[in-house]
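A short worksheet on the structure shown next.
The values are calculated or read from the model by the stated rules, or taken from the named source; none is laboratory data. These figures come from a predicted structure and were not determined experimentally. Heads up, the Cβs are rebuilt from the backbone with ideal geometry, glycines too, and the neighbour counts pull from every protein chain shown. When the accessible area is computed, the model is the full protein with side chains, heavy atoms only, and any ligands, DNA or RNA have been set aside. Shrake-Rupley method; radii C 1.70, N 1.55, O 1.52, S 1.80 Å.
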Amino acid sequence: MRKVIRGVVSALVASVLLVAAGGGAAPAAAAPFCGLTWGSGDRTAGELSTAGLLEVRTGRHECWDRVVFEFNGSAQGYAVAYRTEVLTEGRGLDLVPYTAGGAWLRVSLRAPSDTFGATVGEHTANVLPYDTLRDVVYGGTFEGYSTFAVGVRARLPFRLLTLPGPGTHSRIVLDVAHQW
């Protein structure tokens, strides 16, 4: 009887020590980074617009890096996808040159960028202080479509937002998460 009681007590003590050390329960599934559930699949929305691209700027948030495309009117059309190469707009024969990063997002805006003033291959934003963004390079405009190659550290989740304003302007916003 003493052996049975000692065995039960030993088993209980071992179980308590195991749970206290964090080894008794099955590990919980890791929560998504910052609660983000965006994914990295292709995104397409909106129609062709005549609003001209005015500015490209970037920003850093706690959980993602951001590229903002601002237009001088209502623009809501885009097609964004990871690609192994990004071709210039129009003929589509030449690669957008000198795009840094481990992965590349082809951003096709369904609005002209004639008012933007950049040349094909121009780096349009300073992304040195960012966790995820590595480059934003202009790929040209043709028949109302404008292309950018956005270089990122790796293939990471992203989302797109279309926002009104300021004033009569509109914005298409690309957010790329810092990690999965």
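Side notes on the structure shown:
- Candidate set: the stretch 11-63, residues that are modelled with pLDDT of 80 or more and on the phi > 0 side of the Ramachandran plot; chosen: the one surrounded by the most Cβ atoms within 10 Å (Cβ to Cβ): GLY46
- Yes/no for ALA125 being farther than 25 Å from THR37 by Cα, touching a Ser or Thr at 6+ places or on another chain (Cβ under 7 Å) and open to solvent by 10 Å² or more (accessible area, probe 1.4 Å): yes
- Odd one out for THR115, checked against (1) farther than 17 Å from PHE71 by Cβ; (2) surrounded by fewer than 19 Cβ atoms within 10 Å (Cβ to Cβ): (1)
- Strands (runs of 3 or more DSSP E) fully within the stretch 66-180 counting 1 or more residues that are at positive phi: 133-142
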